[in-house]
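Following: one structure in structure tokens, then a few remarks.
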Amino acid sequence: SSADLELLEYAALLHDVGKIAVPDAVLRKVEPLTPADWNVIRLHPYHSAQIVKPVQPLHRIIPWIYHHQERWDGTGYPDGLKGEDIPLAARIIGVTDAFNAMTTDRPYRRARSRAEAIEELRRCAGTQFDPQVVETFVREVVGG
């Protein structure tokens with residue numbers, strides 16, 4: 001519905017707001033993250049959900065934000081949800097966030113091309129990402 005799409009847009013915009021709780025030194029690190037760094041990073045979905053929690057009209061998006069780092073194969077975080085146990089909106093955010101991350105310059109690497117990012121999404125469909133979400137995203141959003 002149009003209301004769901006509007007909420008999905010809010011969730012996509014707010015899903016990483018919890019990174020304000022992550023030290024800048026970790027976020028801007030060029031060298032590989034240490035296990036301690038990863039422990040801090042893995043808390044950002046929790047912090048994002050906590051920031052949104054007081055806003056009553058956004059309560060529906062809290063699980064979408066909280067679970068956006070889950071993986072289709074169950075190896076993600078914070079709860080290790082698998083497959084369709086991951087809210088659909090969280091699966092959509094996961095794909096779009098990964099595409100954005102791959103096609104944007106980062107302190108530790110240059111951006112990939114759209115074609116390379118699409119190839120990576122398709123390669124990770126069925127493990128990291130919901131295969132149907134990947135194909136729908138590629139077809140409808142990036143036109144691949």
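The values are calculated or read from the model by the stated rules, or taken from the named source; none is laboratory data. Since we're looking at a predicted model, the values are computed, not measured. Glycine also receives a Cβ, built like all others from the backbone with ideal geometry; neighbour counts cover every protein chain displayed. Accessible surface is based on the protein model in full, side chains and every heavy atom, while ligands, DNA and RNA are left aside. Shrake-Rupley method; radii C 1.70, N 1.55, O 1.52, S 1.80 Å.
Points worth noting:
- Tallying residues that are among the acidic types (Asp, Glu) and within 15 Å of the chain's Cα centre (by Cα) within segment 28-72 yields 1.
- Only residues that are more than 17 Å from Ala101 (Cβ to Cβ) and either open to solvent by 20 Å² or more (accessible area, probe 1.4 Å) or modelled with pLDDT under 95 (or both) were counted in segment 41-66, giving 17.
- Screening the candidates Val134, Val138, Val95 for the property of being under 12 Å from the mean Cα position of the chain (by Cα), in a helix (DSSP H, G or I) and surrounded by 14 or more Cβ atoms within 10 Å (Cβ to Cβ) yields one hit, Val95.
- Selected residue (criterion: surrounded by the fewest Cβ atoms within 10 Å (Cβ to Cβ)) from residues of segment 23-40 that are closer than 16 Å to Pro107 by Cα and among the β-branched types (Val, Ile, Thr): Val30
The rows are residues; the columns are (1) among the hydrophobic types (A, V, I, L, M, F, W, C); (2) more than 16 Å from Ile86 (Cα to Cα); (3) part of a loop (DSSP other than H, G, I, E, B); (4) in contact with a Cys (Cβ under 8 Å, 6 or more places away or on another chain).
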| residue | (1), (2), (3), (4) |
| --- | --- |
| Asp4 | no, yes, no, no |
| Glu9 | no, yes, no, no |
| Leu13 | yes, yes, no, no |
| Gly18 | no, yes, no, no |
| Val30 | yes, yes, yes, no |
| His47 | no, yes, no, no |
| Gln50 | no, yes, no, no |
| Arg60 | no, no, no, no |
| Gln69 | no, no, yes, no |
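- Evaluation of Asp73 against (1) modelled with pLDDT of 95 or more; (2) farther than 21 Å from Val141 by Cα; (3) acidic (Asp, Glu); (4) out of contact with any Gly (no Cβ under 8 Å at 6 or more places or on another chain) (one fails), failing number: (4)
- Segment 1-22 - residue that is in contact with a His (Cβ under 6 Å, 6 or more places away or on another chain) and among the small types (Gly, Ala, Ser) and, of those, least open to solvent (accessible area, probe 1.4 Å): Gly18
- Failed condition for Gly83, given (1) farther than 29 Å from Lys29 by Cβ; (2) modelled with pLDDT under 95; (3) not hydroxyl-bearing (Ser, Thr, Tyr): (2)
- Residue match in segment 72-87 (condition: part of a helix (DSSP H, G or I) and open to solvent by 50 Å² or more (accessible area, probe 1.4 Å)): yes
- Test: residue in segment 104-117 that is aliphatic (A, V, I, L, M), touching a residue at least 12 places away in the same chain (Cβ under 8 Å) and under 24 Å from Ser2 (Cα atoms): no
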